[in-house]
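Asks: Okay, handing you the structure first.
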Amino acid sequence: MFWITRTKYTEIFLYLLYYQFCGFLYYTGQMKPITLDNQITENFRITTAQARALKKLRIETVRELLFHFPSRYQDLSNVKTIISLENKEQATVYGKVSGLKTKKAYRKKIPMSEATITDATGKIKVTWFHQAYISKMFAEGTPVKVSGKISERNGTRYFTNPEIEKLTSVPDDAGGSLFGDGEYETYYPVYPESRGVTSKWLYHAIKKVLASDAISVLSDPIPDKILKKYSLPTLNSALIWIHTPKKEPDARAARKRFAFQEIFFIQLARLSSRNEYEKYSAYNIVNIDEHIKKFLEQFPFTPTGAQTRAINQVVEDFASGKPMIRLIEGDVGSGKTLIAASTAYAVANARPPKGTLGNLQVAYMAPTEILARQHYQSFIEYFSVPARKGLPIQIGLLTGSECRKFPS
């Protein structure tokens, strides 16, 4: 049994000893050089709670961390002097940090850090809950930028859990117009979080990855020609801009690039599928213009120009000898069902290729039973009402709960 004087260094020792005995830290020995294929635990010392949270966010490798994008950004350009701060406002101040210490909350015994920020106009207290490590990160008198929400108690204003960034010096015009030269960051990313991992932790972890040489091995999947055509940043630039934008246009350009990339890949996948699909052959359905004309004559109106163009394009696909992949898009009531019904009628009345017996059939699929019944009733009206000359088409309805046929 022995006693140790409680100095700053013995406190650090006791914290580490506590975590080691409780098994709360993943120790991996010496940290490896950061590469995108590394597991998070190979480059970051994390607790079991953080490991669970990262897994819930689907972040297990450095690459997955790098491509965990912000959900929004916090504008920190509202720089003020300490004397001008008001309760409940979001603000940024520049100053020097002092009085750094670690303590526990009076009631709940929550570990926290405290400090004082001083500028030319005054001082303000800063508190970080559940972030005792911050008091060990800055030396006395370090120039810093602090951004967060102002709180007030008993007439005293203070910051709670603000962002803090180390600077080389405090700007001379802090609290005035400082952003003409763009030297300081004014936009901070806010990431999707999970219990155990904060947006702040993700921000600093990603900054560590960006500061390494890890992203230099990435090759841009979008050709330079397309990047120039649509004024998009390169992959490496976009990664830096989306995580550490200097200003709003940087973040906007990065998000535009990754949105374009996602759609670009979807289009490539669809084009590849179409090319594979077109290797197969299909019936040549020809000479069906008269059938479509007969079907449309029963209506008391003339199809619009857009409807006519859509019908003609579908007919051209039928005659191409290749499987058709076509999307018809339009507002509710714009006549999409009319296009489907007229082309379905033409196919049902067409003859198969020579040597093939029987008739061609059309399957019309709907996402719900209610919609399937509605189309069933519409097709009965289109094809079988005597008042409209009774077009001779049999119609069937097949759903998970019933099977019908008209005429029965």
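The values are calculated or read from the model by the stated rules, or taken from the named source; none is laboratory data. Everything numeric in this text was worked out from a predicted model, so none of it was measured. In this analysis, Cβ positions are derived from the backbone assuming ideal geometry, glycine residues included, and neighbour counts consider all displayed protein chains.
Asks: Regarding region 296-317, can at least one residue be identified that is among the aromatic types (Phe, Trp, Tyr), part of a helix (DSSP H, G or I) and closer than 28 Å to ARG351 by Cα?
Replies: The answer is no, given that none of the residues of region 296-317 is among the aromatic types (Phe, Trp, Tyr), part of a helix (DSSP H, G or I) and closer than 28 Å to ARG351 by Cα.
Asks: Select, from ALA306, ALA310, the only residue that is crowded, with 17+ Cβ neighbours inside 10 Å and farther than 19 Å from ALA282 by Cα.
Replies: None of the others qualify; the one that does is ALA310.
Asks: Residues GLU297, GLU369: which one is touching a residue at least 24 places away in the same chain (Cβ under 8 Å) and among the charged types (D, E, K, R)?
Replies: GLU369
Asks: Right, something else. State whether the residues of region 256-272 include one that is over 20 Å from ALA346 (Cα atoms) and among the β-branched types (Val, Ile, Thr).
Replies: The answer is yes, given that some residue of region 256-272 is over 20 Å from ALA346 (Cα atoms) and among the β-branched types (Val, Ile, Thr).
Asks: Of the residues GLU276, GLU297, GLU262, only one is acidic (Asp, Glu), exposed (fewer than 13 other Cβ atoms within 10 Å of the Cβ) and modelled with pLDDT of 90 or more; which?
Replies: Just one listed residue meets the conditions, GLU262.
Asks: Next question. Every residue in region 60-94 that is in a loop (DSSP other than H, G, I, E, B), in contact (Cβ under 8 Å) with a residue 40 or more places away in the chain and either touching a strand residue (DSSP E or B) at 6+ places or on another chain (Cβ under 7 Å) or polar (S, T, N, Q) (or both), please.
Replies: PRO70, SER71, LEU76, SER77, LYS80, THR81, LEU85, GLU86, ASN87, LYS88, GLU89
Asks: Out of the residues in region 92-130 that are of a type in the set (S, T, N, Q) and crowded, with 19+ Cβ neighbours inside 10 Å, which is nearest to THR81 (Cα to Cα)?
Replies: Once the filter is applied, the top-ranked residue is THR92.
Asks: Out of region 192-205, which residues are assigned to a helix (DSSP H, G or I) and out of contact with any strand residue (DSSP E or B) (no Cβ under 8 Å at 6 or more places or on another chain)?
Replies: TRP201, LEU202, HIS204, ALA205 - these are the residues of region 192-205 that are assigned to a helix (DSSP H, G or I) and out of contact with any strand residue (DSSP E or B) (no Cβ under 8 Å at 6 or more places or on another chain).
Asks: Turning to a different aspect of this structure: Looking at this structure, is LYS109 modelled with pLDDT under 85 and either in contact with a Pro (Cβ under 8 Å, 6 or more places away or on another chain) or over 22 Å from PRO70 (Cβ atoms) (or both)?
Replies: When the stated conditions are applied, LYS109 passes them.
Asks: With respect to LEU25, determine if the residue is at pLDDT 90 or above, surrounded by 14 or more Cβ atoms within 10 Å (Cβ to Cβ) and among the hydrophobic types (A, V, I, L, M, F, W, C).
Replies: So LEU25 does not fit the description; no.
Asks: Surrounded by 14 or more Cβ atoms within 10 Å (Cβ to Cβ) and farther than 30 Å from GLY400 by Cβ - does that describe any residue in region 322-344?
Replies: yes
Asks: Within region 349-377, take every residue that is assigned to a loop (DSSP other than H, G, I, E, B) and among the hydroxyl-bearing types (Ser, Thr, Tyr) and give me the one that is farthest from ASN284 (Cα to Cα).
Replies: THR368
Asks: For region 269-291, enumerate the residues that are among the basic types (Lys, Arg) and either without any contact (Cβ under 8 Å) to a residue 24 or more places away in the chain or not in a helix (DSSP H, G or I) (or both).
Replies: ARG270, LYS279
Asks: Quick one: how many residues across region 45-59 are outside any helix (DSSP H, G or I) and surrounded by 15 or more Cβ atoms within 10 Å (Cβ to Cβ)?
Replies: Summing the residues that are outside any helix (DSSP H, G or I) and surrounded by 15 or more Cβ atoms within 10 Å (Cβ to Cβ) in region 45-59 gives 4.
Asks: Sticking with this structure for a sec: From ILE222, ILE240, ILE263, grab the single residue that is in a helix (DSSP H, G or I), over 30 Å from VAL93 (Cα atoms) and β-branched (Val, Ile, Thr).
Replies: ILE263
Asks: While we're on this one: Give the residue that is surrounded by the most Cβ atoms within 10 Å (Cβ to Cβ), with candidates limited to residues of region 219-255 that are hydrophobic (A, V, I, L, M, F, W, C) and in contact (Cβ under 8 Å) with a residue 60 or more places away in the chain.
Replies: Per the criteria, the residue is ILE242.
Asks: Restricting to region 380-403, and then to whatever is outside any loop (DSSP other than H, G, I, E, B) and within 15 Å of ASN349 (Cα to Cα), can you tell me which residue is modelled with the lowest pLDDT?
Replies: Per the stated criteria, the residue is SER384.
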